[in-house]
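As structure tokens, the structure follows; a few thoughts come after it.
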Amino acid sequence: MGLRQQLDREYEQLRAAQIDRARSSPTPAQWQSLVDRYRGASRDHPDVDATRGLARALWRLSMTLHAAGDPTGALGPGRQGVAEFDTAFRRTLDWNADEQSPAVDAVLAELLVARCDLAEAAAAAGKPVERIRILEGAREIGTSITAGPRSLRALGTVYHNLSIAELHRLMESTRQGSFDVDLRAPALSASRAVETRLKAVTPAEPLSIWELANTYIQYLRCLGIAEEPEVAVRVTEQAAKLVALHSKGPLADLRPQLTAAVAMLCIAYPTHARRLGRALRSARPRRPWRRRGI
């Protein structure tokens, strides 16, 4: 087994431990050690696989530092990881005529998700401007080519997270008495997130359905400011239908958030309150089928 294969194997072992709650999560020192060895391998053999391996290790190091309560410390390796992913993406794209090839799709999806994670670290570190800049960059990269299935789902996350960041910026500006922020920007990003996630949703993948429902709720939060009551009624209907697909589980757990968002809309649009309430109640959780006694 060559050095690259050994590093890739160790990466997968650490990654598996990081996502398995029953196991001890890797420490920042373990990820830093892997980063250093990937960096050496990348210097010796500067190909796209080495670059991508280094990017992944830096990304995981950043995530580990953030999870450990050090978002500021996570920014350095996070930025480096994004830069390495960007290089890997450009090289992979140069070598593939098909923009939707699995190779391009995989590295673009990783780049977009890494940018989303870096943006969250920036937010936690008190850098809201950098947070939005990172997500806007992800949006530009994600729409620069025709996205494949993995990168399409990642692009939906980019739009969703950008909407949250823009709404936070708008609320902060309002608190400070500044009104030079576009009121429609959060709703526009949420709308694009819905559009993207509708394309990416797969009935066989429950998480994709949850993601769509979650974005509908974020869209509703934004519509309370965008002065779009008719759109709010239609989106409430769609969100209620999705949340009602299951009486238990992650989808059903979104119902309190949906109810809270609609309550806010009823205050914002009192003349539409009755229609919003009907839209919310139009879909009820399905009850398990039972055979009737004879």
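The values are calculated or read from the model by the stated rules, or taken from the named source; none is laboratory data. Quantities reported herein were computed from a predicted structural model and do not represent experimental measurements. Glycine also receives a Cβ, built like all others from the backbone with ideal geometry; neighbour counts cover every protein chain displayed.
Here's the yes/no breakdown for (1) part of a helix (DSSP H, G or I); (2) under 13 Å from the mean Cα position of the chain (by Cα); (3) surrounded by fewer than 18 Cβ atoms within 10 Å (Cβ to Cβ); (4) aliphatic (A, V, I, L, M):
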position: GLU120; (1), (2), (3), (4): yes, yes, no, no
position: SER178; (1), (2), (3), (4): no, no, yes, no
position: LEU183; (1), (2), (3), (4): no, no, yes, yes
position: ALA193; (1), (2), (3), (4): yes, yes, no, yes
position: THR196; (1), (2), (3), (4): yes, yes, no, no
position: PRO203; (1), (2), (3), (4): no, no, yes, no
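If the Cβ limit is 7 Å and pairs must be 6+ apart or interchain, which residue in region 168-191 that is closer than 20 Å to TYR219 by Cα pairs with which residue that is surrounded by 15 or more Cβ atoms within 10 Å (Cβ to Cβ) and hydroxyl-bearing (Ser, Thr, Tyr)? Taking only residues 6 or more apart or on different chains, the pairs are PRO186/SER163; ALA187/TYR219; SER189/TYR159; SER189/SER163; ALA190/SER163; ALA190/THR215; ALA190/TYR219; SER191/TYR219. Going through (1) without any contact (Cβ under 8 Å) to a residue 40 or more places away in the chain; (2) in a helix (DSSP H, G or I); (3) closer than 23 Å to ALA109 by Cα one by one, ARG43 falls short only on (3). For region 59-78, the condition holds for no residue, the condition being that it is farther than 26 Å from ALA29 by Cα and either among the basic types (Lys, Arg) or modelled with pLDDT of 95 or more (or both).
Within region 125-150, residues that are on the phi < 0 side of the Ramachandran plot and in contact (Cβ under 8 Å) with a residue 12 or more places away in the chain sit with their Cβ atoms under 8 Å from residues that are among the acidic types (Asp, Glu) and assigned to a helix (DSSP H, G or I), at 6+ positions apart or across chains, in these pairs: PRO128/GLU172; ARG131/GLU120; ILE132/GLU166; ILE141/ASP86; ALA147/ASP105; GLY148/ASP105; PRO149/ASP105; ARG150/ASP105.
Condition test on ARG4, is it within 25 Å of LEU112 (Cβ to Cβ), outside any loop (DSSP other than H, G, I, E, B) and among the basic types (Lys, Arg)? Criteria met by ARG4.
Out of the residues in region 131-141 that are surrounded by 24 or more Cβ atoms within 10 Å (Cβ to Cβ) and not β-branched (Val, Ile, Thr), state the one that is nearest to GLU120 (Cα to Cα). By that ranking, first place goes to ARG131.
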